[in-house]
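Remarks on the structure that follows.
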Amino acid sequence: MRRFHLLTLLLLLLLLVSQNFLSAQEQSEPSAYDLFERVRQTELLTPGGQDWLLERLRNDPLPTSQELGTKVQGGTVGPKTHLLSLIGQAMRKDRFFRIGATGTKARAYLSDPNQDFSTSPDTTLGRLLADSPGRQIERAIEATDSVENSWTAHPPPAPYAEDDERFTVYDYLGHEFSLFGKTRTRLNETLFRIGLTSKATHAAIKNRLTGEDLPTEMDLLAFAVKRTLTEDNINQLKGEERLLVNHLVRRELLHPEAILLSEEQPNELVDFFEFLSLGESAVRFRTDELPTDPKLAYRAVYDSLRGLVPDFDFTELRVELIKVATDETSTGLVDSGRVSFTVGEDRYAYNLAFPPNLADDPLDTVARFVPNPSMLTGINHFLADRASRYRLAFLAPADPGAEGRTEYFALRLLTQPEYNELGAASSDISLKGTGSYDNDLSPKNLRRFLGQMDSIGLLNHLSTTEQNAAETRWLDADVYSRLHVLWYYPRVMVSINYNGANLPGGRKVFLERLAAISRGQFTPTDIVDIQLRATPTAPPVDEFGFDFGGSRYGNLMLDDGPLRQPGIIKLANEALSSVGEARFHLTTYGILFLEAEQDAFFRAHYPGLIVL
């Protein structure tokens, strides 16, 4: 009997627990119509906006997870995500109204292609927009967020068709809410209060409101949809994360601690940066723990790499800063500079843009160093010069963190196979300094190639100053080919559009560019370039020609249509054939002017670089 009573008691307890669980579950998962009723109790939408929202709930099919921006195949779109996405649509429909473009006069003005579409306050369009009802609503809204000129938004470039649906006056968004940044805090609190966003999403939005990630209410809604959609599908997304992490750990591309890190956060996706920055092959930094003075910060970063980068025993590290005042109100923040160091007998130097340190930024409450991925340029040049199979990669979180600022970054050594495989799993890796793992493109090898170009006469028309300036430019760039480096030298190479598009600036300009790289050997005169479309009373006119060597060349129609770049090159080479053997040659990176001996050198030592 006692056993029977115990079993009965256990059954009752189980029934009670299950009922409480189901009740709690029902309470924690309101339907879309429940959430709509909560929206209706706020000033988020006007009565017209509420009617539109209810009609969409009743008549429109539920959007798919792919339509809302997730890669989850067949993923769930919960009621919160659905409502947030519809509110975002209502905001977008009101954009032209709030800008002021829906007024009769403004609409007519924007539909006329002959008008001046400047929107400054003293222009016709500027005054039309300022006087509109929608703009007046925006002006009257009390700001909870300080965004300079946030409501003085402009329509996208005009003209528009007269029946463009964006001219329709919807007036769906409540008049206490801005579209252009003034009420982001109010919107975030409203969405959280009525249960459309979770505590985690509310906090994530709040952290970004003083940064640049969410400048408008529409950006805030888009972020909320993305976060809430992830919460709807967290089990599937988390499963995919575990599979990927386990695979990369088995491939020895991630540290084994990555598995533990993923398991420690069962209800949150881990920023892939956290996985990448684990282990002995990476060095991780907190930006608020580095000195805000770039000179001291780069010293600290470089010192930390001595044990990571093989044989990186650098000396004479110098960081030179240039303060640039861009206008009368500029505070003279550090804008650019130059970093240099020595390893053995080799000196490495490169230019670097220095973002303003956030100690000087009024939007940030924490003084922190701002890293630049290009800081790795010289180090990767050093690795390439030593024929290393490694490059140093810059890692940054996909989620910038509080206030939209980068709180962490990391540097990690990667081989090319590692970079390719990890890069396919994450977009948060960047290489700077070489553009590839091809050690043939190291600074030493490129200088050797340029020495050859100088010896065959391809660069001897340039001054020492011009050559030094060009070297500074390509050392700061990602170089992908030997020919690519010639781009940085003036009057050596001309770019070409292999798609055969019409020439920017006309065919005359292109011919003059060819003449500029000919080292004085191609000097066309009396250039005529006339292209006129056919009219009802006159046929089309296409005239192109020039004088050279006592003869006239031009007025040719080639297979690629009216003379474009390939046709002009052929015409120029026809003219050159009358005076010698020098020719313009197509390469994989542009057009070179080569004499016969130079052409023979390229084909003997660098076959494949010359196309024609």
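The values are calculated or read from the model by the stated rules, or taken from the named source; none is laboratory data. What you see is a predicted model, and the numbers here were worked out from it, not measured in a lab. Here Cβ is always computed from backbone atoms with ideal geometry, including for glycine, and neighbour counts include all displayed protein chains.
Among the listed residues Leu563, Leu556, Leu586, Leu571, which satisfies the condition of being part of a strand (DSSP E or B) and either in contact with a strand residue (DSSP E or B) (Cβ under 8 Å, 6 or more places away or on another chain) or at pLDDT below 80 (or both)? Reasoning before the result, please.
Values: Leu563 fails: part of a strand (DSSP E or B); Leu556 fails: part of a strand (DSSP E or B); Leu571 fails: part of a strand (DSSP E or B).
It is Leu586.
Working only within the stretch 241-257, note down all residues that are without any contact (Cβ under 8 Å) to a residue 12 or more places away in the chain and of a type in the set (D, E, K, R). Spell out the reasoning first.
First pass over the stretch 241-257, keeping only residues without any contact (Cβ under 8 Å) to a residue 12 or more places away in the chain: 243, 247, 249-250, 252, 256.
Passing the criteria: Arg250, Glu252.
Is it fair to say Leu383 is out of contact with any Ser or Thr (no Cβ under 9 Å at 6 or more places or on another chain), outside any loop (DSSP other than H, G, I, E, B) and at pLDDT 85 or above?
On the way: out of contact with any Ser or Thr (no Cβ under 9 Å at 6 or more places or on another chain): no; outside any loop (DSSP other than H, G, I, E, B): yes; at pLDDT 85 or above: yes.
Criteria not met by Leu383.
Of all residues in the stretch 595-612, how many are without any contact (Cβ under 8 Å) to a residue 24 or more places away in the chain and in a strand (DSSP E or B)? Going through the stretch 595-612 one residue at a time, the tally reaches 0. The sole residue among Leu173, Leu125 that is modelled with pLDDT under 90 and either surrounded by 21 or more Cβ atoms within 10 Å (Cβ to Cβ) or closer than 30 Å to Asn207 by Cβ (or both) is Leu125. Glu165 falls short on exactly one of the conditions (1) touching a residue at least 40 places away in the same chain (Cβ under 8 Å); (2) out of contact with any strand residue (DSSP E or B) (no Cβ under 6 Å at 6 or more places or on another chain), and that condition is (1).
The single condition among (1) modelled with pLDDT of 90 or more; (2) of a type in the set (A, V, I, L, M, F, W, C); (3) surrounded by fewer than 16 Cβ atoms within 10 Å (Cβ to Cβ); (4) more than 29 Å from Ser481 (Cβ to Cβ) that Ala600 does not satisfy is (4).
Scanning the stretch 209-225 for residues being small (Gly, Ala, Ser) and either part of a helix (DSSP H, G or I) or not assigned by TED's automatic domain parsing to the domain that holds Ser178 (or both) gives a total of 2.
Taking the criterion of being modelled with pLDDT under 85, in a strand (DSSP E or B) and of a type in the set (D, E, K, R), the residues of the stretch 310-356 that qualify are Glu320, Lys323, Asp335, Arg338. From the list Thr197, Thr228, Thr201, the lone residue that is polar (S, T, N, Q), buried (at least 18 other Cβ atoms within 10 Å of the Cβ), assigned by TED's automatic domain parsing to the domain that holds Ile87 and closer than 25 Å to Glu138 by Cβ is Thr197. Scanning the stretch 292-301 for residues that are in contact (Cβ under 8 Å) with a residue 60 or more places away in the chain and outside any loop (DSSP other than H, G, I, E, B) gives Pro294, Ala297, Tyr298, Val301. Checking Glu421 against (1) over 30 Å from Ile205 (Cβ atoms); (2) modelled with pLDDT of 90 or more, which test does it fail? Only one criterion in (1) over 30 Å from Ile205 (Cβ atoms); (2) modelled with pLDDT of 90 or more is unmet by Glu421, namely (2).
Answer yes or no as to whether Asp219 is out of contact with any helix residue (DSSP H, G or I) (no Cβ under 8 Å at 6 or more places or on another chain) and closer than 30 Å to Leu86 by Cβ.
Values: out of contact with any helix residue (DSSP H, G or I) (no Cβ under 8 Å at 6 or more places or on another chain): yes; closer than 30 Å to Leu86 by Cβ: yes.
Here the answer is yes, as Asp219 does meet what is asked.
In this structure, is Asn460 part of a helix (DSSP H, G or I) and modelled with pLDDT of 85 or more? Criteria not met by Asn460. Name every residue in the stretch 165-208 that is in a loop (DSSP other than H, G, I, E, B), among the hydrophobic types (A, V, I, L, M, F, W, C) and within 31 Å of the chain's Cα centre (by Cα), in order of residue number. If the condition is that a residue be in a loop (DSSP other than H, G, I, E, B), among the hydrophobic types (A, V, I, L, M, F, W, C) and within 31 Å of the chain's Cα centre (by Cα), then Phe177, Leu179, Phe180, Leu196 are the ones that fit.
No other residue among Gly567, Gly580 is small (Gly, Ala, Ser), surrounded by fewer than 16 Cβ atoms within 10 Å (Cβ to Cβ) and touching a helix residue (DSSP H, G or I) at 6+ places or on another chain (Cβ under 9 Å) apart from Gly580.
When Leu243 is tested against (1) surrounded by fewer than 17 Cβ atoms within 10 Å (Cβ to Cβ); (2) over 30 Å from Asn420 (Cα atoms); (3) of a type in the set (A, V, I, L, M, F, W, C), only condition (2) is not met.
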